[in-house]
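Below is one structure; the comments refer to it alone.
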Amino acid sequence: MSVPDAVKVQVPATTANLGPGFDCLGLALSLYNSVELSLSVITEVEVAGEGAGQLPLSDANLVLQAAHKLATQAQVEVPGWRLRQDNSIPLARGLGSSSAAIVGGLVAANQLLAANIGLPQLLQLATEMEGHPDNVAPALYGGLTVCGIEQDQVHCAAFPAPEGLSVALAIPEFEVSTELARSVLPGEVPFADAVFNTTHAALVLAALVSEDWPLLQVAMTDRLHQPYRAELIPGMQEVIAAAIQAGAYGAALSGSGPTIVAFAGHEDATISAAMRDAFQRRGIKARIVWARVSGQGARVVPELG
Ligand code: HSE
């Protein structure tokens, strides 16, 4: 097999949890980062867009850490890499920027080294790096994914992107790291809350698969993580309520936040204004970005790859 000189990979943003599906449910979004990777004698990194001036330009870069992991898995020694990142996914906002970096590095190196590692194994490697599968899975497969971990093995079912959904993202100016957002979660929860979340996560999945949009509002309610994370995200409950009041099918914290995600039938200025204003009332500036659910996971862009 001929090995390409350089590979370009496009990876989608993701929204995880969808309310109650903590560490389980995820959707790919039509907002993308791209990664261009080639082999080099010394490592050189260039970052454009989100994270420029912030992300490491060395082997500490997450895309390169993932590329290294893939090379180790494929038992190939690589002296260095040349990497260019072009990022549209904002960092530390609950939109899967670290997952996009990991998946981008793995998929690009897999192609570049002609390693031929399949999607389930790539998901396993990505989850080992990220710590949970619900962002890396849709970044890899696209559409809607449902994941669980059993004895360190990731199990994943992928569904096509639900059609007819527009996705509003209210992205506040401030960042919240996933590490911090996980540190505020309790070690134990009441049995009733666990039951509440299993039933509601199943309802979210049923609503998305059967395109039963009115079911989403109740289904997307959560008791496992959002109530504990509210202290980190002023206005969280108000923004969710404002989106629903303005006509959204349902709304939740996107991943570990601070972005709030809302679903609607079409791009709707009333929903945008309601979410923006609800954050504004707490003195927080937020931009509203509309996206679609992306059926496409990470893909090698043909021109280069
Ligand atoms: N399920 C993860 C969490 C997603 O909520 O911590 C992180 O974006």
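The values are calculated or read from the model by the stated rules, or taken from the named source; none is laboratory data. Since this is a predicted model, take the numbers as computed values, not measurements. Neighbour counts run over all protein chains shown; Cβ positions are idealised from the backbone, glycine included.
Residues checked against (1) outside the structural domain of C147 (by TED's automatic domain parsing); (2) acidic (D, E); (3) touching a Ser or Thr at 6+ places or on another chain (Cβ under 8 Å):
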| site | (1), (2), (3) |
| --- | --- |
| P227 | yes, no, no |
| L253 | yes, no, yes |
| H266 | yes, no, yes |
| D277 | yes, yes, no |
| K285 | yes, no, no |
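Filtering segment 156-181 to residues that are surrounded by fewer than 13 Cβ atoms within 10 Å (Cβ to Cβ) and in contact with a Gly (Cβ under 6 Å, 6 or more places away or on another chain) leaves only P160. Does V35 qualify as being crowded, with 19+ Cβ neighbours inside 10 Å and not small (G, A, S)? When the stated conditions are applied, V35 passes them.
In segment 1-49, the qualifying residues are those that are more than 16 Å from the ligand (Cβ to nearest atom) and not in a strand (DSSP E or B), and the one that is modelled with the highest pLDDT is T43.
With the requirement that a residue be under 27 Å from A291 (Cα atoms), surrounded by 24 or more Cβ atoms within 10 Å (Cβ to Cβ) and away from the ligand (no atom under 16 Å from the Cβ), what does segment 90-121 give you? Those that are under 27 Å from A291 (Cα atoms), surrounded by 24 or more Cβ atoms within 10 Å (Cβ to Cβ) and away from the ligand (no atom under 16 Å from the Cβ): G104, G105, L106, V107, A108. Among the residues of segment 182-192, those that are loosely packed, with under 11 Cβ neighbours inside 10 Å and not aliphatic (A, V, I, L, M) comprise S183, G187, E188, P190, F191.
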